[in-house]
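The values are calculated or read from the model by the stated rules, or taken from the named source; none is laboratory data. Note that the structure is a prediction, hence the values are computed from the model and not measured. All Cβ positions, glycine included, derive from the backbone under ideal geometry; neighbour counts span all protein chains shown.
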Amino acid sequence: MSPRICLVPRVSGVGGMVSFQHKLSTGLAARGVDVCYDLDERPYDAVLVIGGMRQLSKLRRVKRRGVPVVQRLDGINWIHRKRRISWRHTLRAESGNIVLSTIRRYLANQIVYQSEFSRLWWEDWYKPTRVAYSVIHNGVDLGLYSPDGPGQRPPDRYRLLVVEGSLGGGYDLGLESAVKLAELLSVQHGFPMELMLVGKVSQAQQAEWSSHSRVPIIWSGQVPHESIPQIDRSAHILFSGDLHPACPNSVIEALACGLPVVAFNTGALSELVPASAGRVVPYGGDPWNLDPPDMISLADAAAEILHDLPKFQAGARAHATSALGLDNMVERYLEVLLPGG
């Protein structure tokens, strides 16, 4: 009988969890491992909890039956503690942290952190666990995410790209930095610029920023994930504006497409973007307190990339090929889920 792994919760729509679940399930199937998405669909040899799930009593019964429970952890919800946002978002964020930390402390037999930064963050805020852990970066299909394929860069200007799931709910700081970065590259460094934003942005925000920006802004909204490679290939540089990201898929996908990355040194970005593939610069203040960032240094770093674009494009692809391939990610998860299998 083929080995079987239960991936929970089953997710849909867009976003990092959806992308990860699809990539992992496809990779497992290619290796002859069956996949299910419901704890009631027994039997299975192991459970992978992607973040958290509300059915804690079911998960507890699974563990009592001796089935290994592995939890994959991203970051911790925190921005709501620093910015005034809706009470609904705050309640959702705090309840999410409770569920994640409960599974981590009481129900998981092993933890997979998406980055070394993520591990240190969880251990700092919620103390180390006694169970084993691994650090496995996200991976990407290097055939699908490639410099080769449709997607034309503008011939008369440079395109700065931002790809985020959402730029609202307290996370609009990345939007503000993206606009400022594009303006600095245009005004102070003389690059003809445009900014493309992929992700959920309210109509009110779009109107506000478009009315004040000194560079053209393309609002692409949320797009199907299969459109991302073409969008990456249509840009000259990616700005990762999220503060303290655990392991952003947008960065890995951009690198695989040969798109250099510029970012502040927060979260796991220094783990993902070597000097050959882009620039990760000091934030210039305390990002945990949402201090104003050093935009001048960020713009200088982006200008350095644009002045030597072919070198950084080649470096981005080379790093993705050597370290961020999907096959490597799937094999490492298999080692955790089915040791000795």
(message) If I filter the stretch 319-339 for residues that are among the polar types (S, T, N, Q) and closer than 17 Å to LEU269 by Cβ, do I get at least one hit?
(response) no
(request) At least 1 residues that are assigned by TED's automatic domain parsing to the domain that holds LEU290 and not aromatic (Phe, Trp, Tyr) in each: list the strands (runs of 3 or more DSSP E) lying fully within the stretch 78-171 that qualify. (result) 158-166
(request) From ARG105, ARG119, grab the single residue that is among the basic types (Lys, Arg), crowded, with 16+ Cβ neighbours inside 10 Å and at pLDDT 95 or above. (result) ARG119
(message) Any residue at all in the stretch 78-87 that's surrounded by fewer than 17 Cβ atoms within 10 Å (Cβ to Cβ) and under 17 Å from the mean Cα position of the chain (by Cα)?
(response) yes
(request) Quick one: count up the residues across the stretch 277-286 that are over 26 Å from GLY258 (Cβ atoms) and buried (at least 17 other Cβ atoms within 10 Å of the Cβ). (result) 1
(message) Suppose we filter the stretch 14-41 for residues that are of a type in the set (Gly, Ala, Ser), under 24 Å from GLY165 (Cα atoms) and not in a loop (DSSP other than H, G, I, E, B); how many remain?
(response) 4
(request) Look at the stretch 50-65 and say how many of its residues are more than 21 Å from VAL336 (Cβ to Cβ) and of a type outside the set (Lys, Arg). (result) 3
(message) Going by what's in this entry, would LEU195 be described as touching a residue at least 60 places away in the same chain (Cβ under 8 Å) and surrounded by 21 or more Cβ atoms within 10 Å (Cβ to Cβ)?
(response) no
